[in-house]
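Okay, structure first, notes after.
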Amino acid sequence: MDPAQTYWNPILETLPWEKLQALQLKKFKRIFKWAYTHSRFHRRLYEAAGLTPTDIRSFDDIRYVPKVEKSMMREIQLKEPFPYGDALCVPLEEVTEFRQTSGTTGQPVYQPDTWQDWEWWSEAWSYILYAQGYRRTDRVFIPFGYNIFVAFWAGHYACEKIGCEVVPGGVLNTEARILKMRELRTTALMATPTYVLGMADTAKRKLGIEPAKELSIRRITCAGEPGASIPTTKKRMEEAWGAKVYDHIGATEIGAWGYECMEQPGGLHVNEALFLVEIEDIETGNPITEPERPGKMVITAFDRIAQPCIRFDSKDIIQWAKDPCPCGRTFRLIKGGVIGRADDITKVKGVLLAPTAIEEVVRGIPEIGNDYEVVVDKKGDIDEITLKIELLEGTSNRKEEVLARLKDQLRLKTNLGYRIEIHPYGSLPRYEVKARRFRDLRKKGS
């Protein structure tokens, strides 16, 4: 095996664990000192905790560095300099890129980046794409509307960095995008799992095109939702397109920190050369280092300088995998990708419910359409879960059988009962970017 043909950065991706940890500690000290020196927000936070840069000597010391949450970043934006506030570590004139979070969890957070930061974004994505088989021979179609969300912006520039040809399809509608992909024989695609499935459905129903047979897509990179790490959803996408589907994880305020490689080992690599991922117990906050024990992710981006991401409480629930990946990377794996968000994993009738468990069941029953909704509410003093689904055309004669199977699988996977609503095909909301399928009406603002 030629490392140069397998890894984007053969040295860092196969670095022995002890050396990788030494590099992480060195980088953490550097970004901590940078933020302490240049950010008024971080300086206040660390002084209140009684910490200075000289106090960070070991990994154990990192645990005492205060965490940052998205709500704190929203408050920062009320301060000068406009519009970023006093977490900014560079003069305003050095900011070259504006992005903001999607707002799915509240008021959007503004994210400034310098040109150096944007190069870092492209580098992080280059690890992802190269690990998933993207090469100079690929012609990549990116169908999202280029917007103020980071979405696949950095993926676009990483494609160019690797040497791929990029076809941007932002202003086209879904039908035109499909036709353009066929016309240009594009070989790769980037989109959310929801839109990957939606495009395939549109191709078949409105254009009479079978993507798996008539398009040239060989690989698809997903983001924005956990679907590409859910086996039943991944299977639907791969069968619809006749292509390998890979997951990636990132966030506007963090960066592109995790990815699935071509081995598809049932988990995603953490890019430990560029990020430090810690897992904490959801209740106690104690560190979790053992495998297959879920906890909340706290993450640090080592090399982002305009608005540093240091010990950011992402609310993502993840767990370390037990075994290393056969691909040879020493970057550790998180098993099954992101399990869910601490905000979404909720107790219903005393049982912990993760929305990803519902998706796995729904997408595992072939008679049920791709789109669904889950609503949790109270009926009197009793919690009630309503699952809204669509049956595929031509399956209504098996409705009772499908419903029985669905209820049995939901009970088996989640230990809960559901009120099932069957809606006409095509009537539930369709999404191009992030889908909002889970609503807990017991929570304020849901």
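What follows draws every value from the coordinates through simple rules; no lab data is involved. As the structure is a prediction and not an experimental result, all values here were calculated from the model. A quick note on method: Cβ atoms are made from the backbone with ideal geometry, for glycine too, and the neighbour counts reach across all protein chains shown.
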**Message:** Restricting to lysines 8 or more places apart or on different chains, can you count the pairs in the stretch 346-440 with Cα atoms under 25 Å from each other?
**Reply:** 24
**Request:** Sort SER58, SER39 so that the residue with the fewest other Cβ atoms within 10 Å of its own Cβ comes first and the one with the most comes last.
**Result:** SER58, SER39
**Item:** Extension gain (nm, one decimal) between ARG436 and THR96, 0.36 nm per residue minus Cα-Cα
**Value:** 119.3 nm
**Item:** Acute angle (nearest 10 degrees) that the helix 153-162 long axis makes with the longest principal axis of the chain, alpha-carbon atoms
**Value:** 80
**Sites ALA342 and LYS235, calculated FRET efficiency, Cβ-Cβ separation with R0 22 Å, nearest 0.05** = 0.20
**Request:** Report the residue, chosen from THR96, THR54, THR187, that carries the largest GNM mean-square fluctuation when the chain is represented by alpha-carbon nodes joined by springs under 10 Å.
**Result:** THR54
**Message:** If I build a Gaussian network model for the chain, linking alpha-carbon pairs within less than 10 angstrom, which residue out of VAL277, VAL150, VAL351 has the largest mean-square fluctuation?
**Reply:** VAL351
**Prompt:** For GLU119 and SER71 in one chain, what is 0.36 nm times their gap in residues minus the Cα-Cα distance, to one decimal in nm?
**Reply:** 14.5 nm
**Rounded, prolate or oblate (a/c below 1.5 giving rounded, otherwise prolate when a/b exceeds b/c) for the stretch 356-432 by Cα gyration tensor** = prolate
**Message:** Which of LEU45, LEU268, LEU392 has the fewest other C-beta atoms within 10 Å, and how do the rest follow up to the most?
**Reply:** LEU392, LEU45, LEU268
**Complete:** Using alpha carbon centers only, the stretch 404-446 is separated from the stretch 291-356 by a whole-angstrom value of 23
**Request:** Can you bin the stretch 404-446 into rounded, prolate or oblate? Criterion: square roots of the alpha carbon gyration tensor eigenvalues sorted a ≥ b ≥ c, rounded for a/c under 1.5, prolate for a/b above b/c, oblate for the rest.
**Result:** oblate
**Fill in**
For ALA251, the residues 5 or more places away or on another chain with a placed amide H closer than 5 Å to its own amide H are ALA256, TRP257
**Request:** Using 0.36 nm per residue of separation minus the Cα-Cα distance, give me the extension gain between GLU400 and ALA212 in nm, one decimal.
**Result:** 64.6 nm
**Complete:** For TYR372, the residues 5 or more places away or on another chain with a placed amide H closer than 5 Å to its own amide H are none
**Message:** Show me, for the stretch 257-263, the HN-Hα J-couplings you get by feeding each phi into the Karplus relation (A = 6.51, B = -1.76, C = 1.60, θ = phi - 60°), rounded to Hz, glycine and proline as x.
**Reply:** 9, x, 7, 8, 9, 5, 5
**Fill in**
The helix 193-207 Cα axis meets the longest alpha-carbon principal axis of the chain at an angle in degrees, between 0 and 90 and rounded to 10, of 40
**Asked** For a paramagnetic label modelled at 7 Å from the Cα of ILE422 toward its Cβ, which residues of the stretch 376-413 fall within the zone defined by backbone nitrogen distances under 13 Å?
**Response** 389-407
**Asked** What are the ³J(HN,Hα) values, in whole Hz, obtained from phi via the Karplus relation 6.51 cos²θ - 1.76 cosθ + 1.60 with θ = phi - 60°, for each residue of the stretch 301-306 in sequence order, with x given for Gly and Pro?
**Response** 9, 6, 10, 9, 10, 5
**Per-pair calculated FRET efficiency, R0 = 45 Å: LEU352 and GLU165 via Cβ, rounded to 0.05** = 0.45
**Prompt:** Label-point separation (nm) for LEU392 and ASN147, each offset 7 Å from Cα along Cα-to-Cβ?
**Reply:** 2.9
**Partners for LYS26 among lysines (Cα-Cα distance below 29 Å; same-chain residues under 8 apart left out)** = LYS67, LYS70, LYS161, LYS296, LYS315, LYS322, LYS335
**Complete:** In deg cm²/dmol, rounded to the nearest 500, the helical mean residue ellipticity at 222 nm of the chain, built from -39500 (n - 2.57) for every DSSP H run of length 4 or more, is -9500 deg cm²/dmol
**Message:** What percent of all Cα-Cα pairs in the chain falls into each 10 Å bin, going from 0 up to the bin containing the maximum distance?
**Reply:** 4, 20, 30, 27, 15, 4, 0, 0
**Asked** Rounded to the nearest 0.05, what FRET efficiency do LYS322 and ARG185 have when you use their Cβ-Cβ distance and R0 = 35 Å?
**Response** 0.30
**Message:** Between helix 174-184 and the chain, what is the angle of the helix's C-alpha long axis to the longest principal axis, kept within 0 to 90° and rounded to the nearest 10?
**Reply:** 80
**Request:** Find, among the chymotrypsin sites (Phe, Trp or Tyr not before Pro) in the stretch 1-109, those assigned to loop by DSSP (not H, G, I, E, B) with at most 13 other beta-carbon atoms within 10 angstrom.
**Result:** TYR64
**Message:** Skipping prolines and chain starts, which residues have an amide H placed within reach, meaning under 5 Å, of the one on THR346, given they are 5 or more residues away or on another chain?
**Reply:** LEU353
